[in-house]
Amino acid sequence: METKTIQIKNEQDTREFGLKIGARVQPGTVIAMIGDLGTGKTTLTKAIAEGMGVTETITSPTFNIVKEYETGRLPLYHFDVYRIGDVEEMFEIGYEEYFFGEGVSVVEWADIIEELIPRDALTIRIQHGASPEERIYEIEGAQEI
């Protein structure tokens with residue numbers, strides 16, 4: 001699978017990148033985000049949501065596992081699986097209906113449930129860059145964007 005590396009210099013670059021993805025996602029798209037605390041996964045999710053036309057305020061679903069947003073051109077399902085102890089919890093919340101439904105699923109900490117992420121997912125690995133605001137995105141499934 002092709003991997004593309006993008007240097008993100010600041011939050012404006014993050015927003016522009018997210019808007020581009022949000023404008024292009026299709027029903028059933030799964031976006032798997034992998035990165036340490038503070039790398040900007042939720043910030044990127046907010047920009048993707050904006051690009052999809054979501055008008056609700058996006059917040060991290062840390063204690064809910066998934067939050068649903070219905071105001072965009074497609075439903076957005078925002079997962080934060082950081083606190084998942086066992087992948088069985090994903091079956092209990094019916095993840096398949098989200099991943100393989102008519103909406104777009106954004107999964108923060110996707111490496112925790114790696115075996116459940118579809119092969120055709122757009123995977124974004126986020127790393128800190130040289131400056132405090134810089135990020136390096138390694139993207140697989142780049143044909144999607």
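The values are calculated or read from the model by the stated rules, or taken from the named source; none is laboratory data. Since we're looking at a predicted model, the values are computed, not measured. A quick note on method: Cβ atoms are made from the backbone with ideal geometry, for glycine too, and the neighbour counts reach across all protein chains shown. Accessible surface is based on the protein model in full, side chains and every heavy atom, while ligands, DNA and RNA are left aside. Shrake-Rupley method; radii C 1.70, N 1.55, O 1.52, S 1.80 Å.
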Problem - segment 82-124: C-alpha gyration tensor shape, a/c 1.5 cut-off, then a/b vs b/c - result: oblate
Fill in the blank from the handout: Most fluctuating of THR29, THR45, THR71 in the GNM of the chain (C-alpha, under 10 Å) is THR71
Practice task
Could you let me know the centre-to-centre spacing of segment 50-93 and segment 1-39, using Cα atoms, in angstrom?
Solution key: 16
Completion exercise
With label points set 7 Å from each Cα along the Cα-to-Cβ direction at GLU133 and GLU70, the distance between them in nm comes to 3.8
Handout entry: Anisotropy class of segment 58-107 from Cα gyration tensor, a/c 1.5 cut
Key = oblate
Problem - Rounded tilt (10° steps) of 11-24 against the dominant C-alpha axis of the chain - result: 50
Fill in the blank from the handout: Residue-normalised value, i.e. accessible area per residue, for the chain at 1.4 Å probe, in Å², stands at 51
Handout entry: segment 65-145: GluC sites (Glu not before Pro) in DSSP loop, at most 12 other beta carbons within 10 Å
Key = GLU70, GLU102
Exercise for the section: Please get the size of the charge dipole for segment 1-94, origin at its Cα centre, with Cβ charges of +1 on Lys and Arg and -1 on Asp and Glu, quoted in debye to the nearest 20. Expected result: 460
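Given Cα pairs under 8 Å that are at least 6 residues apart, what percent is the relative contact order of the chain?
36
Need one word for the chain: rounded, prolate or oblate. Basis is the Cα gyration tensor (sqrt eigenvalues a ≥ b ≥ c); a/c below 1.5 gives rounded, then a/b vs b/c decides.
The shape class here is rounded.
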Completion exercise
For segment 1-87, listing chymotrypsin sites (Phe, Trp or Tyr not before Pro) in a DSSP loop whose Cβ sees at most 13 other Cβ atoms within 10 Å gives PHE63
Exercise for the section: Per DSSP H run of at least 4 residues, take -39500 (n - 2.57); add these up for the chain, divide by its residues and hand me the 222 nm value, nearest 500 deg cm²/dmol. Expected result: -6500 deg cm²/dmol
Exercise for the section: Please name which of THR3, GLY22, THR43 has its Cα lying farthest along the dipole of segment 1-47 towards the positive end, using unit charges on Cβ (Lys, Arg +1; Asp, Glu -1) and the Cα centre as origin. Expected result: GLY22
Problem - Using alpha-carbon coordinates, inclination of helix 41-51 to the longest axis of the chain, degrees - result: 80
Problem - Sulfur and carbon atoms: percent of accessible area, segment 3-69 [1.4 Å] - result: 47
